[in-house]
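What follows is calculated from the coordinates using simple rules that are stated; it is not laboratory data. Keep in mind it's a predicted model, so treat the numbers as computed, not measured. Cβ atoms come from the backbone with ideal geometry, glycine included; neighbour counts cover every protein chain shown.
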Amino acid sequence: MTTLQPSLLLRRALLADGLVGVATAAQLLLLADWLSGLLALPRELLLGAALVLLPLAAFLLWLSRRESLSRTAVYAVIGLNVLWVVHSVLLLLSGWVTPNLLGYAFVIVQAVAVLVFIELEWIGLKRSQDIPSTFAQASVSTQ
C-alpha cells in the first residue's frame, strides 16, 4: 500500500467534496417531500441518495484532515464518484423514473459537479508526494 503526502489541491478537493456531500444529504433528508414534488423524483430515491451520501461525506471529511493518505483510499473515492456519475446517467436513461425538466436538470447538474470533484481529486492525487514506507527506508539505510 502506497502512502502519500496529499497535495493542498487534493486536501481541498476532498474537503469540498465532503462539505457538498453533507449539504446535499441534509437537503435531501430535510426537504425530501418538497423536492420529490418539485423534481418529479421518488421520495425514496432522494432519501436513499442522502443515506448513501452521509457516510461517504463523513469519510471524505476525515480523509481531508489526514496528514498522510493511502493512495488506495483516494482511488476508492474517485471510483465511488465515478459510480455516482454512471448511476446518475443510468437513472435518467433507464426509464425507471420520469422526472420533469427540473428533475433532469437536478440530476445532471449534480453529476457534473461530481465530475468536477473527480477531476480535482485526480489532479490533486498526481500532485501528491509518495511517502517511502519504513521498510523501504530501512532497506536503503542498510545498503
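Quick rundown of the values:
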{"item": "Region 12-75 - Kirkwood radius from inverse mean 1/r over Cα pairs (Å)", "result": "12.5 Å"}
{"item": "Span-rule helices in the chain, defined as complete DSSP H runs reaching 27 Å or more along the axis (Cα) with Kyte mean at least -0.5", "result": "8-30, 43-64, 71-94, 101-127"}
{"item": "Per-selection Kirkwood Rh - the chain (Cα, Å, 1 d.p.)", "result": "16.5 Å"}
{"item": "Two-site label geometry, Leu31 and Asn100: point separation in nm, points 7 Å out along Cα→Cβ", "result": "1.5 nm"}
